[in-house]
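Worksheet for the structure shown next.
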Amino acid sequence: MTTEEQFDLTQFQKSNEMDYILAAKILNSASNLTEMSNLLYSITRLHVPEKIYKYISLNSDDNLNQLKFNTLQDNKVFLSCASQLNDPFDSRGYFYKKQEMAKHPELKRFNGSIIDDFAKYALVCSFSKVGVNNMPMWAHYSNNHSGFCVEYEPKKNDDLFRGCLFTIQYTDDRIDITQAMDKAITNLLNHKKKSIDDYFKNVQIELMPIAWITQFLNCVKHSSWSYEKEVRLINSAVSTEVSVSRRAIPSAIYCGYNCSDEHIKELIQIAFTNNIPIYKMIFDEQNPSYELISYSLD
């Protein structure tokens, strides 16, 4: 038997990818939803890495650059609606068959449509677990190495941050959640009928299965994005126009290989003020290893 002290979390993460698709199937058939939800959530916690990284671009827009510096200075990260991300197919890794939902008289006039775009109801902030020696990430998300990258250690941040982090699962197939949606709608309509028949003013409706399923499946993306090794901070959106911030304390700052002297100076000041280690990414022309190296600016 493996004790907690013997459990190698790093090896576990390397050998086991989080399977949200399987988790959604289990939730849909669970008899004790609360117990199963808690168990599956605890498994997702095992997949949160020790360190995560956020690549940030800097360009000629001084106002936008200053906003990013201020966000770093204030120990914050911002979550925005998933529908505003660079992948227009984000949160579309799952679907339901509207024609089957149309069997319910209440939905027939809507052609079985319940939710058109799940991405509108998720607020996200994207990180990566690839580290800083990753040339594609610097090129794609830090304006060709001109920006910076911030390292965070989830365990050293509060519950609002680390408790909402989920690693991303990559797949070539979309997941059919028609059965789960039908189950949720049937439950909703049965409660509606009961409330009318029994003259109830208030009825407690159990929609947690679909809430958990969509939460998990918002962590599924197409396999072409797998190079990012994304870790996602997710909150539910109460409005499609909302953006929120979360406190996030950095553990290190890395300036890109092409980061300007002016921007490095700004980042050094932030690092000094907030007592954060700061590094500059360099490429050693004499090094036989094809890699970026972090050089301390402290």
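Listed values, structure above:
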quantity	calculated
Percentage relative contact order, the chain, counting C-alpha pairs under 8 Å, at least six apart	27
Alpha-carbon Rg with Dmax, taken over the stretch 62-153, Å	19.4, 56
Crossing angle, helix 178-197 versus the chain [Cα axis fit, 0-90 degrees, rounded to tens]	50
Angle between the chain longest axis and helix 62-73 axis [Cα atoms, degrees, rounded to 10]	80
Estimated dipole of the stretch 16-296 in Debye, rounded to 20 [Cβ of Lys and Arg +1, of Asp and Glu -1, Cα centre]	980
Ranking of Phe148, Phe283 by count of other Cβ atoms within 10 Å, fewest first	Phe283, Phe148
Helix axis angle, 20-29 relative to the chain longest principal axis, alpha carbon, degrees	20
Using a Förster distance of 22 Å, the FRET efficiency for Ile282-Ser223 (Cβ separation, nearest 0.05)	0.10
Residues Trp212, Trp138 arranged by fewest to most Cβ contacts within 10 Å	Trp212, Trp138
Lys/Arg +1, Asp/Glu -1 at C-beta; the stretch 16-296 dipole; positive extreme among Asn16, Asn287, Ala271	Asn16
Label of the coordinate-derived value, P(r) over Cα pairs in 10 Å bins from 0, in percent, listed as (1) 6, 23, 30, 21, 12, 6, 2, 0, 0; (2) 6, 27, 35, 23, 8, 1; (3) 5, 20, 20, 18, 18, 13, 5, 1	(1)
Sequence-distant lysines (8 or more away, or on other chains) whose Cα lies within less than 26 Å of Lys76	Lys51, Lys54, Lys68, Lys120, Lys129, Lys155, Lys156, Lys221, Lys229, Lys265, Lys280
DSSP beta bridge pairing in the stretch 16-296, given as percent antiparallel to the nearest 5	80
Computed helical MRE - 222 nm, the chain, DSSP H runs ≥ 4 contributing -39500 (n - 2.57), nearest 500	-10500 deg cm²/dmol
Ile278 long-range amide H proximity, modeled H, under 5 Å	Ile253, Leu297, Asp298
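Read the figures in this text as sums done on the coordinates, not as results from a lab. Predicted model only: the values in this text are computed from it and were never measured. Note that each Cβ is placed from the backbone with ideal geometry, even for glycine, and that neighbours are counted across all protein chains shown.
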